[in-house]
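The values are calculated or read from the model by the stated rules, or taken from the named source; none is laboratory data. Bear in mind that the values here come from a model prediction, so they are computed numbers and not experimental data. Reconstructed Cβ throughout: ideal geometry from the backbone, glycine too, with neighbour counts over all protein chains shown. Just so you know, the surface numbers come from the protein's heavy atoms only, side chains and all, with ligands and any DNA or RNA stripped out. Shrake-Rupley method; radii C 1.70, N 1.55, O 1.52, S 1.80 Å.
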Amino acid sequence: MKDRVKIFMFSDALGYEIVQRYHFMMEELPVRLPVRTQFGYSSTCVPTILTGEPPTKHGHFSFFYRPKDAKSPFSIFRRLHPFLHPSAVFDNHRIRHRVSLWMQHRLHYTGYFNLYRVPYACLPFFDYCEKQDIFAPHGLAPVKNLRDVLTESGVPFHISNWHLTDDQNISEAKRLLEEERTEFFFIYTAGLDGMLHFHVHESEVVKKHLEAFSSKVRSLLETARAHFRQVDFCIFSDHGMTPLKGETDIKSRIEALPLKFGRDYIAAYDSTMLRVWFLDPNARKPVMDAVSDAPGHWLSAEEKAVLHVDFADCSYGDEIFLLDPGIQLVPSDMGNKPIPGMHGFSPDDRDSMACILSVHELTDHPREIADFFRLMKQAAFELKAAEG
Ligand SMILES: [Zn+2]
């Protein structure tokens, strides 16, 4: 039996509202705190947790951004897109998936990569932010990520493989706990996010999933306690999940204007926001006016600063129109239909709130998800200090 282990479990979309409503592991995890999410998607939140830095520093926000020199890794689609016309067979889900895999292979990207439903003709106007595996060594360089910091600390650690399933990641962690050689764990789970996107409104389904998840976590805790005298364990999340309240078609409004994509403006239609770049300054007013009465608002410069998305080079949009909580942009570059649950709304939305649940009182109370990084760094420091 060894002295001490510190286990951090990441559960994508385990929001504070959900854990409280469903009394998720109330007894085992009595310390329960709401934590403000970072505005954006998991593509923003996870890099924030892995570095403790805001998007303006680690550079990851939505997947697609406007390259500074207008050089796009997708320029090949300039020639290809006439053959990949949307009405053609090439736009179906399976073919797009194949095209994504082919591009990923061609570009040697090791991060999570998906072309989603960004029209082939629009791709040459964009770059993609998650080119590298953000969990790998220097995966978020020049900013240090969790792996870089843990490697420097010298503490024996384990970070789950995000390509694997939750069950595989929990089994692997258990196996390492039994070996008693690893003192710091970051266990990655994302099954809940996938389920909540489609079933957040079905309480029986959510309840069952959470019960099954609880028993896996309990079993992991039992293994840890059988091999370590002191087990510090917590679960935290990146954001919650907001049930669908309505949809709005912003794309048709923009496309109805006498303006041309790629000549006058560029637009990225995310599931909860429109991001737009004005190539012709005269396009600004008609575009902004066209959506101003949709259920949402244009973010002010002050709001962008508060939300940490005031990118100096406007690489993620000259302007951002954020929808009200629960309203989805349909159609978007992510899909043609609304889905029961989505995240990526204002961090002030109750359903978007992330959380941390812990077996013991925490030395430091995280207020926003970037603080999880500091908590983990502190834990590694403590383990190192205990080693003497
Ligand atoms: Zn999600």
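What is the total of Lys pairs in region 133-286 with C-alpha atoms under 17 Å apart, excluding same-chain pairs fewer than 8 positions apart? Don't skip to the end; give the middle numbers.
On the way: Lys174/Lys216; Lys207/Lys216; Lys208/Lys216; Lys251/Lys260; Lys251/Lys285; Lys260/Lys285.
Going through region 133-286 pair by pair, I get 6.
Please list the three semi-axes, largest first and in whole Å, of the ellipsoid equivalent to region 307-364, using sqrt of 5 times the eigenvalues of its alpha carbon gyration tensor. Can you show the working numbers first?
Details: eigenvalues 159, 78, 19 Å².
Three semi-axes, in Å: 28, 20, 10.
Heavy atoms only, 1.4 Å probe, whole protein assembly: order His197, His23, His360 by accessible area, highest first.
His23, His360, His197
Please work out how much accessible surface Tyr65 shows to a 1.4 Å probe, ignoring ligands, DNA and RNA, in Å² rounded to 10.
Approximately 50 Å² for this residue.
Compute the long axis of helix 203-227 from its Cα atoms, compare it with the longest principal axis of the Cα atoms of the chain, and write down the angle in degrees, 0 to 90, nearest 10.
With both axes taken from Cα atoms, the answer is about 40 degrees.
Exposed loop sites here are trypsin sites (Lys or Arg not before Pro) in DSSP loop states with at most 15 other C-beta atoms within 10 Å. What is the longest stretch of the chain lacking them?
On the way: sites that count: Lys68, Lys71, Arg181, Lys245, Lys260, Arg263, Arg367.
Counting at most 15 other Cβ atoms within 10 Å as exposed, the longest clean stretch of the chain is 72-180.
With the crude spin-label approximation of a point 7 Å out along Cα→Cβ, what separation in nm comes out for Lys337 versus Arg32?
Going from the Lys337 label point to the Arg32 one covers 3.4 nm.
With a 1.4 Å probe and every protein chain left in place, work out the accessible area per residue of the chain in Å², rounded to a whole number. Walk me through the intermediate numbers first.
Details: 17300 Å² over 388 residues.
Each residue of the chain exposes 45 Å² on average to a 1.4 Å probe.
Once Rh for the chain is found with the Kirkwood sum over Cα pairs, what is the Stokes-Einstein diffusion coefficient at 4 °C and 1.567 mPa s, in µm²/s? Intermediate results must be reported in sequence, preceding the final value.
On the way: Rh = 22.0 Å.
The Stokes-Einstein estimate is 59 µm²/s.
Report, to the nearest 10°, how far helix 93-107 tilts away from the longest principal axis of the Cα atoms in the chain, using its own Cα long axis and a range of 0 to 90°.
80
Compute the acute angle (0 to 90°) between the alpha-carbon long axis of helix 42-51 and the principal axis of greatest extent of the alpha-carbon atoms of the chain; round to the nearest 10°.
Between helix and principal axis, roughly 40 degrees.
Run the numbers for Leu257 and Glu202: contour at 0.36 nm per residue of separation, minus the present Cα-Cα distance, in nm. All intermediate terms of the calculation are to be shown ahead of the outcome.
On the way: separation 55, 0.36 × 55 = 19.80 nm, distance 3.96 nm.
Contour length minus Cα-Cα distance gives 15.8 nm.
Cβ under 13 Å from Met241's Cβ, Met241 left aside: what net charge do those residues give with Lys, Arg +1 and Asp, Glu -1? All intermediate terms of the calculation are to be shown ahead of the outcome.
Details: positive: Arg21, Lys245, Arg350; negative: Asp12, Glu17, Asp193, Glu202, Asp238, Asp349, Asp351.
Once all neighbours under 13 Å are counted, the net charge is -4.
Relative contact order of region 76-199, please, whole-number percent, based on alpha carbon pairs below 8 angstrom and at least 6 residues apart. Working shown, then result.
Values: 111 pairs, mean separation 20.9, N = 124.
Reported as a whole number, the value is 17 percent.
Tally up the carbon and sulfur contribution to the accessible surface of the chain as a whole percent, 1.4 Å probe, everything protein left in place.
Details: 9320 of 17300 Å².
Here it works out to 54 percent.
Just how far, in whole angstrom, is region 89-147 from region 159-209 if you go by their alpha carbon centroids?
23
For Thr151 and His97, calculate 0.36 nm times their separation in residues minus their Cα-Cα distance, and state this gained length in nm to one decimal. Numbers along the way, then the final one.
Working: separation 54, 0.36 × 54 = 19.44 nm, distance 3.50 nm.
That works out to 15.9 nm of additional length.
Taking R0 as 56 Å, what FRET efficiency do you get between Ala226 and Ala70 from their Cβ-Cβ distance, rounded to the nearest 0.05? Provide the component values of the computation, followed by the final result.
Working: r = 58 Å, r/R0 = 1.03.
With a Förster radius of 56 Å, E is 0.45.
Using alpha-carbon pairs under 8 Å, 6+ residues apart, how would you state the relative contact order of region 1-155 in percent?
24
Taking the alpha-carbon centroid of each part, what is the distance from region 335-367 to region 5-70 in angstrom?
Cα centroid to Cα centroid, the span is 7 Å.
Treating region 154-239 as a set of equal point scatterers at the Cα positions, no solvent, please give the Debye-formula log₁₀ I(q)/I(0) at q = 0.17, 0.20 Å⁻¹.
Per q value, in the given order, log10 I(q)/I(0) is -0.75, -0.98.
Considering the zone a paramagnetic label at Arg21 would reach in this model (a point 7 Å from Cα along the Cα-to-Cβ line), which residues of region 180-207 have amide N under 12 Å from it?
196-197, 199-207
Contact order normalised by length for the chain, with contacts defined as Cα pairs under 8 Å and 6 or more residues apart; what percent is it?
Details: 745 pairs, mean separation 123.7, N = 388.
Rounded, it is 32 percent for the chain.
Just for the chain, what percent of DSSP beta bridges are antiparallel, to the closest 5?
Numbers: 24 of 46 bridges.
The answer is about 50 percent antiparallel.
Work out, step by step, the length gained on full extension between Leu244 and Ser215: first 0.36 nm times the residue separation, then minus their alpha carbon distance; give nm to one decimal.
Working: separation 29, 0.36 × 29 = 10.44 nm, distance 2.90 nm.
7.5 nm is the gain from fully extending Leu244 to Ser215.
Tell me, what is the FRET efficiency for Ala305 and Ala141 to the nearest 0.05, using R0 = 22 angstrom and their Cβ-Cβ distance as r?
Details: r = 25 Å, r/R0 = 1.14.
FRET efficiency, Ala305 to Ala141: 0.30.
Measure off 7 Å from each Cα along the Cα-to-Cβ vector at Tyr112 and Leu362, then give the distance between these two points in nanometres to one decimal.
Using points 7 Å along Cα→Cβ, the separation is 2.1 nm.
Roughly how many whole Å is it from the C-alpha centroid of region 238-276 to that of region 284-303?
Their Cα centres are 11 Å away from one another.
Quick one: what are the phi-derived ³J(HN,Hα) couplings along region 258-267, Karplus 6.51/-1.76/1.60 with θ = phi - 60°, whole Hz, x for glycine and proline?
Computed from phi, the couplings for region 258-267 are x, 10, 10, 4, x, 10, 9, 7, 10, 10 Hz.
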